[in-house]
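Taking it in order: structure first as structure tokens, then the write-up.
The values are calculated or read from the model by the stated rules, or taken from the named source; none is laboratory data. Note that this is a predicted model, so its numbers are computed, not measured. All Cβ positions, glycine included, derive from the backbone under ideal geometry; neighbour counts span all protein chains shown. Surface areas here come from the heavy atoms of the whole protein model, side chains and all, with no ligands, DNA or RNA. Shrake-Rupley method; radii C 1.70, N 1.55, O 1.52, S 1.80 Å.
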Amino acid sequence: MTAVTKVEFQAWNLAEASGFEGKIGVIVPPSGIKGQALSELDGKVGNSLSRLCGSREFKQLEKCRSIALAYPSGAAAESIVAVKLPDGANSYDSMKAGAALGSALGPGGMVVLLGGHAKAEYILHGLTLRAYEFDDHKTSRKSLRRPKGSIVAMVADSDAIERKFLPLRAAAVGVFLARDLVSEPSNVLTTLEFASRLEQLREVGVDVEVLDEDELGRIGMRALLGVGQGSDSPSRVVVMRWQGADRQPLALVGKGVVFDTGGISIKPAAGMEQMTFDMGGAGTVAGIMKAIALRESKSNVVGIVGLVENMPDGKAQRPGDVVKSLKGDTIEVINTDAEGRLVLADLLWHVQQQYEPTCIVDFATLTGAIIVALGHEHAGVFSNDDKFCKELLDAASKSGEGAWRMPLGAAYGMQLKSRIADMKNVGGRAAGSVTAAMFLKRFVKSGVPWAHIDIAGVVSTKSSTDLAPAGATGWGVRTIDRLIRNKFET
């Protein structure tokens, strides 16, 4: 990973900026560089920026887009990059403007904020989120690039902005963890390696427990174990606890299928390489746990993830098998490619039995049907509680992460009726994402507010978004971090 993991705050000193040898990014206020901002511009960087912002190209530039001046006269910088801030910019506009700089600067450089921006911390947050690249397996790029990872932020009130930025930085580091996990190939991120990386969260104060197959069998997680029984990579469940408050916890549940062939109901070859990110739900939970730990959240949160690999083998689960869940319900396995819901079913029941959470949110790359419904712009949200769902959707909206509520209803559940067991694991092609959610709903106790988020369409993208380069997005980390701040902190 190459990313901005450190922001060094400095007070105004444009003479020093003139001697900076890397790239310099500048957020230009809606009024342009005049008035107060003009008085701040002196020295060689200021002269070059004045010329750049006076150009026709800059005047025609869209808001939150960048324009660069290479090797400015008399200054040491490689380039000066300017971005227009919209009139009346809110937090998300500020993040988009910062992200435009992050895309242009990469994880290294200097940022100069003109005009005392009211939301400077969000500009820097957007910059850090966008200035990310997963390049761990690119040997040629590693040999050529200079050491990076920090940004110098030159702001008028550096101490105050740094204090505001710290919790946003924690969220960004959580996003980076989720992106790193989702980006790793499956021959690297096996179930055991995944569990090992989650154990590293102990370093930031998270309590981590890893349950092996013997323990899972003793507990009775037979639905989860059935998914991984055809793989040489042993199944694991990892429980992560952050206890920053004395109250009943929020539970976060994540699907962690490190690779999904579909099992005996094998997938087509085309596109199967994308199934490295079928553990995206577990990656999101891991990122959230790291974010709240880094900012020492005054909350009580338990995260639980099921790490399995779905492979075809002589020992693999077959279509037509019947498995007994931890809850005690029997499930007829019609399609072994509908494996994520079997994992989540046992996790949901276990976390309720052991921790009695006040609310539950589960994350899973669960269905291709949600992509058909919502494309790659929104995650699908299913919930049994209107108030809790609204709070979650509000947090997603304010974080700039697309989320859309989908329906639930008894009629959809009828599609899961089985002739020989309590239920089937699929309900046919019609409303596939809804019937998957209805399956999970059977494993949520009455009266417990619950939201299921199908992130299949948003966990990774083929093109860049406002706040992320192409690839893993880390969707959901910032949304739930905001939800925890709003609802679950004392």
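As a fraction of the 1.4 Å probe accessible area of the chain, surface on carbon and sulfur atoms comes out at 47 percent.
In deg cm²/dmol, rounded to 500, what helix-only [θ] at 222 nm does the chain give when every DSSP H run of at least 4 residues adds -39500 (n - 2.57) and the total is split over its residues?
Helix contribution divided over all residues of the chain: -10500 deg cm²/dmol.
Rolling a 1.4 Å sphere over the protein heavy atoms, what is the accessible area per residue of region 201-344, to the nearest Å²? Write out the running numbers ahead of the final one.
Working: 5060 Å² over 144 residues.
Ligands and nucleic acids excluded, the figure is 35 Å² per residue.
Placing +1 on the Cβ of every Lys and Arg and -1 on the Cβ of every Asp and Glu, with no other charges, gives region 172-247 a dipole of roughly 280 debye about its Cα centre. For the listed peptides 287-294, 418-425, a ranking on the average number of other beta carbons within 10 Å per residue, highest first, reads 287-294, 418-425. Rounded to the nearest 5, the antiparallel percentage of DSSP beta bridges internal to the chain is 40%. Compute the long axis of helix 91-105 from its Cα atoms, compare it with the longest principal axis of the Cα atoms of the chain, and write down the angle in degrees, 0 to 90, nearest 10. The two axes meet at around 70 degrees.
When only C-alpha pairs under 8 Å and at least 6 residues apart count, what is the relative contact order of region 192-349, in percent?
Numbers: 355 pairs, mean separation 52.5, N = 158.
Value for region 192-349: 33 percent.
Relative to the Cα centre, the charge distribution of the chain, modelled as +1 at Lys and Arg Cβ and -1 at Asp and Glu Cβ, gives a dipole magnitude of about 980 debye.
Shown here: region 128-227, whose C-alpha atoms stretch 60, 38, 20 Å along the first, second and third principal axes, sorted largest to smallest. Taking every protein chain into account, the accessible area of region 374-476 amounts to 43 square angstrom per residue (probe 1.4 Å).
Number of Lys-Lys pairs in region 289-438 with C-alpha atoms under 26 Å apart and a separation of 8 or more places or on different chains: 15.
Determine the dipole magnitude for region 246-347: charges of +1 sit on the beta-carbon of Lys and Arg, -1 on that of Asp and Glu, nothing else is charged, the reference point is the Cα centre, and the result goes in debye to the nearest 20.
On the way: 11 positive and 13 negative charges, 80 e Å.
Dipole size: approximately 380 debye.
Convex hull volume per residue, computed on the Cα atoms of the chain, equals 147 Å³. Near I151, the amide H atoms lying under 5 Å from its own belong to K6, V7, E8; only residues 5 or more places off or on other chains count, and H is placed 1.01 Å from N. Could you tell me the distance between the Cα centroids of region 412-490 and region 343-375, to the nearest Å? Region 412-490 and region 343-375 have Cα centres separated by 6 Å.
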